[in-house]
1. Would you be so kind as to identify which of A:THR447, A:PHE137, A:PRO733 lies farthest towards the positive end of the dipole of chain A, taking Lys and Arg as +1 and Asp and Glu as -1 on Cβ and the Cα centre as origin?
2. For a 32 Å ceiling on Cα separation, which of these pairs sit above it: A:LYS91/A:LYS483; A:LYS91/A:LYS387; A:LYS91/A:LYS284; A:LYS117/A:LYS516?
3. What FRET efficiency comes out for A:ASN2 versus A:LEU260 if R0 is 35 angstrom and r is the Cβ-Cβ distance? Round to the nearest 0.05.
4. Please name which of A:MET149, A:GLN72, A:PRO749 has its Cα lying farthest along the dipole of chain A towards the positive end, using unit charges on Cβ (Lys, Arg +1; Asp, Glu -1) and the Cα centre as origin.
5. In degrees, nearest 10, range 0 to 90: what is the angle between the Cα axis of helix A:27-44 and the longest Cα principal axis of chain A?
6. So for chain A, averaging the separation of alpha carbon pairs under 8 Å that are six or more residues apart and normalising by length, what relative contact order in percent results?
7. What ranking of A:LYS516, A:LYS410 emerges when the number of other C-beta atoms within 10 Å of each C-beta is taken as an exposure proxy, fewest first?
8. Find how many whole Å separate the alpha carbon centroid of region A:234-292 from the alpha carbon centroid of region A:674-751.
Amino acid sequence: YNVMFPMGFDSFGLPAENAAIDRGVDPASWTAANIDTMRSQFRTMGCMFDWSRELAVSDPAYYRWTQWLFVQFFKAGLAYRAMGAVDWCPKDQVVLAREQVEGAERRCWRCGTPVIKRDLEQWFFRITNYADELLDFRGIDYPEPIRLMQTNWIGRSEGAEIDFPVEAGGDQRIRVFTTRPDTVFGATFMVLAPEHPLVSVLATDEQRADVEAYVAQAGRETEIDRLSTEREKTGVFIGSYATNPMTQERIPIWIADYVLPGYGTGAIMAVPAHDERDFAFARKYDLSVRYVVVPASGEVASDQAFVAHTADEVLADSGEFSGMPAAEAITAITRRLADMGLGGPAVSYRIRDWLVSRQRYWGAPIPIVYCPQHGPQPVPEDELPVKLPEDVDFAPTGVSPLQSHEGFLKATCPICGEPARRETDTMDTFMDSSWYFLRYCSPNNDTAAWDPEQVAAWMPIDLYTGGAEHAVMHLLYFRFFIKALRDMGLLAFDEPTLMLRNQGQILGADHQRMSKSRGNVQNPDELTRRYGSDAVRAFLMFVGPWDQGGPWNPSGIEGLHRFLGRVWNVAHPASSGGPKSAADSELLQALRRATHTTIAGVTKDYERLHFNTAISKLMELTNALAHERHSGLSGTDAYAESVDTLLLLLAPVAPHITEELWAQRGRPYSIHQQAWPTYDPALATADTIELPVQVDGRLRDRLVVTPDTPADEIERMALESEHVQRYLDGRPPARVIQVPGKLVNVVTPKG
RNA sequence: GCCCAGGUGGCGGAAUUGGUAUACGCGUACGUUUGAGGGGCGUAUGAGGCAACUCAUCCGGGUUCAAGUCCCGGCCUGGGCACCA
């Protein structure tokens, strides 16, 4: 009674909007129709969700609170608007979060079109503030691959920031980030990202034309071209020089697009001797290379970069630091730079802030108005929700359809009351899914997003299941949300869920992800009509390990259909009266034993989410029951107890047939509200056990003994076995190894 | 290139901590029930061999009384990241 198992619909988003446009209907009615279909499919399948908590994120009663949360993030300084080069899907006509761009070709996660970069002003959430805390998985139980993916995605690097004074630039300095401050003596040139703000300042007049041409070209370049690692490095000297703070050498400043504006400081000290990229660049433009880290023993090949970072590297050609182990030099040089006022330890992350604005209609409108006087202002909370207008043109044009809706655009500034313009972007749907579990705790509350008492009682989630494909999206965002809301004083816990488990993904028969466009989608309705939903459910659980997934192949469903038929048969006793012989009594005892072993095994399997093996154990018990029934023993207590147990254990997998059989057997309604069967170890222990006898690790014989047979007795019996004697050939065994209750292994003498 | 996960019969897959490899199901064959078909039920089913046995968990080594499981090297498949300094 204290388990919440809710269901809701993540109904906003591009796929719904695009599908609606294709069909010439509005997204709201299209979505509502889909929800109706899905709800009835869930019912048919016997999914026992708590429908009193159902929600849909596209319902104004829900997105009112998504908007309210946006305002809270805005007030907390965690939502900001910034200009930046963002990923743009030219087909869907929308910006994407970095997490939504996939693969080497930089494709849109929804439609697969390669994305392009556009300079746009967008809304961001400061997930980077939580980079460190998101790396901490203590206290939560997540699958190792998810932890690794999140850790890599956050990409924490420790190193140093170093300031390089600019020659003839007054007190101008170029700050770089490096993970290898120990190599600073080898920094023979610098490279700025073309977008770096100092580029236009430092470009000399004679180089300016080249520099501007390069910057313009880099801006036009697609992300794919720019990030291709195979591509030859390009760059331009900007005419100015900086000073290496350690060697005091004059080093040239270049720009090149292999330096990214968004990571570190957007500028690097180039150490060609110890970085492959810098090395390639230096070779191409004939820049000097100086080796400053060498293996403690051995030479360095001078025709390539030496990037190995082993424990026994030492510094060379590095002034007073020469000869110092590299690992030690990292700290020593960083400290020296700090003393000189030219840097210090620094940490850099690859994770960027979360881009949350979308130029599409079917999402929660961002609750902001722009006042010419007061700038962006949140919509007052009592004016929420900002509702989506229904009379709009849905065609994707590159700007939000809301931009052409006069009534929507018109707003007033909450501060001065003067006319203001409403924000027309909507929120990334991952905003909706970052807090829905909180809403489940009090889904109908119309005075608050959630009832703190209910949240305190239910949250955090005990077990969260979902696909691994959301490793660096939803599963990262919802952790960030909870931490941010905690810091706003709105929640008192740190993590959305204590335990995460990933189910495998069932692919299409063509081994591809199921999708409408590929035409490989399986509709459960047809199978359900043919075999019944219990058989479909049982098959889905039986077909393979729950966490594995694989291509869809329904050929085994017949087996589950037959299995349920056998369950039906064994639940209808065919005889009355008890055992008629000693063999019968033996059989009944074995059945009782099997019943209790099954309780233990199935319970454990369910706890471990090993549904396929749980079902196989239930099949074994059913087969045993069929055998007893055939032997005329179905009138006994042991048989009846076993059938009841079978039904109880099977009920979660096949809720309908078990409920029906339970009722037919005159048991109290409902089977789904009965206590779980308890396992009695005494009843599960066998009177005799079969002990394999090995010779040199190979099975040669079996002994049937009582569990309490002493070891020396077992050894005697094993050695007496004629199968064993054949291998001993009259000699005494070298050793006899016994694993109590498991096996005996007789080791023959060598030779 | 770097980081993960995986590779077991014709197929999906089983095998807590090294301890009877192939559970359970599909498929197949034969038998049985039926007027026939479908369905049900029963038996068999890793490979080779008449048999005793031998060989088998991607390949090659190793540790061990004993290896699908542990160690070393390689191959293949799937996933993630990818000019992140």
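1. Among A:THR447, A:PHE137, A:PRO733, the one farthest towards the positive end of the dipole of chain A is A:PRO733.
2. Numbers: A:LYS91/A:LYS483 35 Å; A:LYS91/A:LYS387 26 Å; A:LYS91/A:LYS284 38 Å; A:LYS117/A:LYS516 28 Å.
Correct reply: A:LYS91/A:LYS483; A:LYS91/A:LYS284.
3. Values: r = 50 Å, r/R0 = 1.43.
After rounding, the FRET efficiency stands at 0.10.
4. A:PRO749
5. 20 degrees
6. Details: 1271 pairs, mean separation 79.9, N = 751.
So the answer I get is 11 percent.
7. Working: A:LYS516 9, A:LYS410 12.
Going from sparsest to densest Cβ surroundings: A:LYS516, A:LYS410.
8. Region A:674-751 and region A:234-292 have Cα centres separated by 72 Å.
All of the numbers you see were taken from the coordinates with simple rules; none came from a lab. Keep in mind it's a predicted model, so treat the numbers as computed, not measured. Here the Cβ is made from the backbone with ideal geometry for all residues, glycine too, and neighbour counts use every protein chain on show.
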